[in-house]
Amino acid sequence: MSHYKIPNSGKGASESNSTEPQILEMSQLLNYLEEKGKLAFGKHFQICREDEEVLFKLMVYLFKDKQNADKYKLDLRKGLMLNGPVGCGKTSLMLLFRQLAYPGFKFQVVSAREVCIEFMEQGHQVLKYYASIGQKHPIVFCFDDLGTETSMKYYGNDVNVMAEILLSRYDLFVQKRIPTHITTNLSASELEALYGNRVRSRMREMFNLIAFPQAAGDKRG
């Protein structure tokens, strides 16, 4: 866990024609992430050193480090499932990592609950959009807080919105290798209870599980 690459930033970065990241020690990298977090979320933001293993695995994925990916059993073709208790920092980390201008790691973060609200307002075109059906350049999404939404009614029909989207995203992953990311505080059995065995089976193929310890504290103060 000694060296890692991060995008050039700060004074002088714009003067270079190269997008090659610089190499920093892990301790410096954590300080860099904390600095970026304070800019994004406020001065209260902190990188907790007890989260270092989670952060390191995210870095392994971000920088496509095959050697460490093999060590931690991460499949670099799959998306990420970031799991942990409420308030442990899942959403903040995904928003933070999204800002790192590293090639090939661009995605949009959207709340699973907001997706369902959009479905109630706009109907089935929302399913097509988030499944990237018919899109020439499919979008990589991170569905935040998966499981906080419930089955919502549209013109009297019960539709498990996120289950339908995840099944379509699975097809997209198999056919075009477009990943999907999610954050959730639910266990595997709880996810299966919400979305069914078929979705849970697909999720095993779609995601690398990176989990905070269940004892991780609430960082929201």
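The values are calculated or read from the model by the stated rules, or taken from the named source; none is laboratory data. Only a predicted model underlies this, so the values are computations on that prediction, with no experimental measurement involved. Here Cβ is always computed from backbone atoms with ideal geometry, including for glycine, and neighbour counts include all displayed protein chains.
Within segment 163-200, the residues that satisfy the criterion of being modelled with pLDDT of 95 or more, within 27 Å of CYS88 (Cβ to Cβ) and of a type in the set (S, T, N, Q) are THR180, THR183, THR184.
Each row is one residue, and each column tells you yes or no for (1) in a loop (DSSP other than H, G, I, E, B); (2) at pLDDT 55 or above; (3) over 21 Å from CYS88 (Cα atoms).
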site	(1), (2), (3)
MET1	yes, no, yes
LYS5	no, yes, yes
SER9	yes, no, yes
SER14	no, no, yes
THR19	yes, no, yes
ILE23	no, no, yes
SER27	no, yes, no
TYR32	no, yes, no
LYS43	yes, yes, no
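When segment 27-37 is filtered for residues that are within 20 Å of the chain's Cα centre (by Cα) and either surrounded by fewer than 18 Cβ atoms within 10 Å (Cβ to Cβ) or not charged (D, E, K, R) (or both), the ones remaining, listed by number, are LEU29, LEU30, TYR32, LEU33, GLU34, GLY37. Take the residues of segment 104-130 that are within 16 Å of the chain's Cα centre (by Cα) and not in a helix (DSSP H, G or I): which is modelled with the lowest pLDDT? The qualifying residue modelled with the lowest pLDDT is GLY104.
Among the residues here, LYS90 qualifies as surrounded by 13 or more Cβ atoms within 10 Å (Cβ to Cβ), among the basic types (Lys, Arg) and in contact with a strand residue (DSSP E or B) (Cβ under 9 Å, 6 or more places away or on another chain).
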